[in-house]
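Laboratory data are not the source of any read-out in this text; all were calculated from the coordinates shown. In this text the structure is predicted, and so the values were computed from the model without any measurement. Backbone-built Cβ (ideal geometry, glycine too); neighbour counts: all protein chains shown.
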Amino acid sequence: MADTPLQIAGREDKTEPPITVAGVLVNAAKGAVADVQDYAMLCGRTFVTLVTPPFYLQDILQQMDSIGAGSLPIILLSGFFIGAVMVLQTGSQFTRFGQSSLTGDVVAIALVRELGPSLTGLLVTGRCATGIASELGSMLVTEQVDAMRAMGTDPVRKLVAPRVIATLLTLPLLTAMTDFMGLLGGCVASVFSLRLSAIEFWRRAIDALDFADLMQGFTKPFFFAFILATIGCYKGLTVRGGTQGVGRATTQAAVLSSVLIIVADAFLTKVALFLADKLF
Amino acid sequence: MAGTHPMNSPITSSPDSSPTIKFESVRLGFDEGDILRGVSFQVQERETLVLLGETGTGKTLSLKLAAGLLKPSEGNIRVLGRDVSSMAERDLLAFRRQIGFVFQEGALFDSMTVGDNVAYRLLEDKVMDDEIEPRVLEVLRFVELEHTIDLFPAELSGGMRRRVSIARALINQPPIVLYDSPTAGLDPVTSQTIITLILRLRDVFGVTALLATQRLQDGFALANFRFDPATKRVVHSTPNGKAGTAGRMAATRFLVLREGGVYFEGGPEELADTQDDYLKRFLV
């Protein structure tokens with residue numbers, strides 16, 4: 001409130017402390033640590049709601065439709081062309097050595113182990129983590145989350161858990177669709193570009209895969225799903241600054257989820273290769 | 001199960017004479033500094049306490065503290081005999097079923113129809129489907145918005161959203177209702193409609209209320225008028241300034257917050273007759 005002659009005298013003089021580089025860095029570090037703590041607490045509360053009743057089955061189904069079925073078009077389209085591009089890029093190199101028939105093997109392994117899960121995770125992050133953050137952020141700034149709490153509903157159980165469960169259930173399925181569409185696109189590219197037999201392509205692609213590849217390729221989506229859903233929910237539920245804050249939270253959710261998925265992918269790949277070596 | 005009273009019968013009073021809401025030396029601050037610095041007040045059963053103050057003096061925060069939506073950094077808050085300032089969130093979730101909260105902009109769930117918004121608490125409590133619709137229609141009839149049951153909040157005017165918000169807060173017939181600037185941003189006619197609803201709630205159902213507002217006329221309307229259930233009209237209240245109810249007198253008092261503390265606490269006559277320069281600015 002601006003000071004005017006009508007203001008009562010004696011109001012505290014609030015002088016701001018001087019800004020220093022060290023101060024800014026310390027505050028940024030404190031903020032990051034606090035964020036990690038709050039995120040960890042949200043994840044902990046989410047775990048509890050995943051295994052204790054009540055469960056909001058209707059909300060889970062709605063979110064599965066929104067996250068799963070809603071992401072299908074982009075997954076199918078992207079998967080198809082990713083597979084096609086992979087064949088075009090790798091096929092040209094194998095052709096130089098007269099081994100174009102290996103194209104199917106390489107594309108299948110790369111898709112199932114790595115590109116399928118990571119690209120699906122990144123595509124769904126861009127579509128859904130942002131949507132989750134903006135939806136929950138909008139609810140927060142319009143006091144709908146407070147209204148929910150005022151009426152005796154736990155927002156983590158009602159808003160976060162259905163989204164996390166829905167993503168955990170649908171992302172592996174979407175990954176499978178990406179893998180299939182990628183192989184389909186690769187097959188089409190092989191037939192028309194490399195003049196390979198479609199049957200030969202599919203046979204080699206399926207034969208190249210072993211159980212370790214499938215384990216790696218279908219374990220990663222669970223971790224990616226948890227990351228993108230919880231990050232989206234966390235950013236949405238911690239919005240500050242009104243509608244501008246909602247926009248900021250949406251962007252941060254996309255960036256943070258994407259980076260964490262890529263980082264997690266590196267660690268998961270290392271662990272998966274180690275376990276494959278030991279167990280299979 | 002909550003909400004066993006039909007809408008046309010008042011909530012029976014408790015024999016316990018302890019205050020329904022009690023703030024003791026409550027302090028609340030954020031990074032920018034303390035907003036509330038040692039605020040203490042009480043609200044008796046069936047009483048309406050009008051919270052007045054400039055923007056940023058902590059009126060909304062006081063309501064949220066009373067509902068347990070925020071925790072004070074110091075002090076103690078007791079509501080219906082329970083210490084909400086130290087209750088765990090999972091216990092507060094159940095406890096808040098006894099409190100109705102009318103948010104400033106309504107805070108309706110915009111992905112749900114009016115009917116589903118009003119029925120929200122019943123749906124959460126797993127009330128039978130055939131019981132939900134009649135109760136929803138009853139409260140919507142109370143706020144005169146029965147015809148909007150299938151509309152979405154985006155299709156309603158501001159005043160209608162406030163009234164639906166009141167209906168949603170009433171569905172379980174809570175003994176306490178907290179109003180956060182229920183007439184803010186509304187035209188005078190719609191504001192009068194909202195105040196009439198609040199009068200009906202107070203005088204017919206005997207709710208205890210905290211009402212945060214910047215409009216002094218809302219507080220004086222509550223103090224000087226009452227809803228007569230016999231004639232179903234708003235009439236001037238008794239000469240002593242207290243609004244009458246079906247069985248007990250319900251008082252309306254004012255609490256003015258300023259710079260983190262209680263600047264004034266008293267009845268409408270004391271406020272109207274004040275010679276304090278700061279308080280007179282509210283009376284202009």
Residues of the range A:40-80 with amide N under 18 Å of the 7 Å Cα→Cβ point at B:Arg90: A:41-56
Within a Gaussian network of chain B (alpha carbon springs, distance under 10 Å), most fluctuating of B:Arg97, B:Arg162, B:Arg141: B:Arg141
Whole-Hz ³J(HN,Hα) from phi, Karplus 6.51 cos²θ - 1.76 cosθ + 1.60, for the range A:160-172, glycine and proline x: 7, 4, x, 6, 5, 4, 4, 5, 4, 7, 9, 5, x
C-alpha center-to-center spacing [the range A:49-74, the range A:218-280] in angstrom: 18
Signed unit charges on C-beta, dipole axis of the range A:54-279, positive-most listed residue A:Gly185, A:Leu256, A:Ala129: A:Leu256
Cα point-scatterer Debye curve for the range A:168-266, base-10 log of I(q)/I(0) at q = 0.10, 0.13, 0.19, 0.24 Å⁻¹: -0.44, -0.64, -0.94, -1.16
Choice from A:Lys235, A:Lys30, A:Lys158 showing the highest fluctuation, given a GNM over chain A with Cα pairs closer than 10 Å: A:Lys30
Principal axis dimensions, the range B:153-192 - Cα atoms, whole angstrom, descending: 29, 20, 14
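Where a ≥ b ≥ c are the square roots of the eigenvalues of the C-alpha gyration tensor, would you call the range B:122-183 rounded, which needs a/c under 1.5, or, failing that, prolate if a/b is larger than b/c, or oblate? Walk me through the numbers on the way to the answer.
Values: a/c = 2.00, a/b = 1.23, b/c = 1.62.
Cα axes put the range B:122-183 in the oblate bin.
Take each of the peptides A:247-255, A:170-178, average the number of other beta-carbon atoms within 10 Å over its residues, and list them starting from the highest.
Numbers: A:247-255: 19.9, A:170-178: 23.6.
Ranked by mean Cβ neighbours within 10 Å, highest first: A:170-178, A:247-255.
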Alpha carbon convex hull of the protein assembly as shown, volume per residue in cubic angstrom: 203
Assigned charges on the beta-carbon of Lys, Arg, Asp, Glu; chain B dipole about Cα centre (debye): 540
Å³ per residue enclosed by the Cα convex hull of the range A:17-122: 219
Prolate/oblate/rounded call for the range B:16-127, Cα gyration tensor, a/c under 1.5 rounded: prolate
About the Cα centre, charge dipole magnitude for the range A:54-279 (Lys/Arg +1, Asp/Glu -1 at Cβ), debye: 320
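Most exposed first by the Cβ proxy, i.e. fewest other Cβ within 10 Å, how do B:Val39, A:Val259 rank? Mind showing how you got there, number by number?
Working: B:Val39 24, A:Val259 13.
Arranged by neighbour count, lowest to highest, B:Val39, A:Val259 become A:Val259, B:Val39.
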Peptides ranked, highest mean first, by Cβ atoms within 10 Å: ranges B:62-68, A:86-92, A:21-27, B:112-118: B:62-68, B:112-118, A:86-92, A:21-27
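Please give the per residue volume of the convex hull enclosing the alpha carbon atoms of chain A, rounded to a whole number of Å³. Before the final figure, lay out each step's value.
Numbers: hull volume 56.2 nm³, N = 280.
That works out to 201 Å³ per residue.
How big is the Rg/Rh ratio for the range B:21-283, C-alpha atoms only, Rh by Kirkwood, two decimals? Write down the numbers at each step before the final one.
Details: Rg = 18.1 Å, Rh = 18.9 Å.
Across the range B:21-283, the Cα-based Rg/Rh ratio is 0.96.
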Distance in nm between pseudo-label sites at A:Gln89 and A:Lys30 (7 Å out along the Cβ direction from Cα): 4.5
Residue with peak Gaussian network fluctuation, chain A [Cα springs, cutoff 10 Å], from A:Ala110, A:Ala29, A:Ala40: A:Ala29
Debye, to nearest 20: dipole size of the protein assembly as shown, +1 on Lys, Arg Cβ, -1 on Asp, Glu Cβ: 300
For B:18-27, mean number of other protein chain Cβ atoms within 10 Å: 0
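Please average, across the residues of A:151-157, the number of beta carbons from any other chain that are within 10 Å of each residue's own beta carbon, and give a whole number. Display every interim value, and only then the final one.
Values: counts 14, 14, 6, 3, 1, 1, 1.
The mean count of partner-chain Cβ atoms within 10 Å per residue comes to 6.
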Partner chain coverage, peptide A:137-147 - average Cβ within 10 angstrom: 5
Per-selection Kirkwood Rh - the range A:58-203 (Cα, Å, 1 d.p.): 17.0
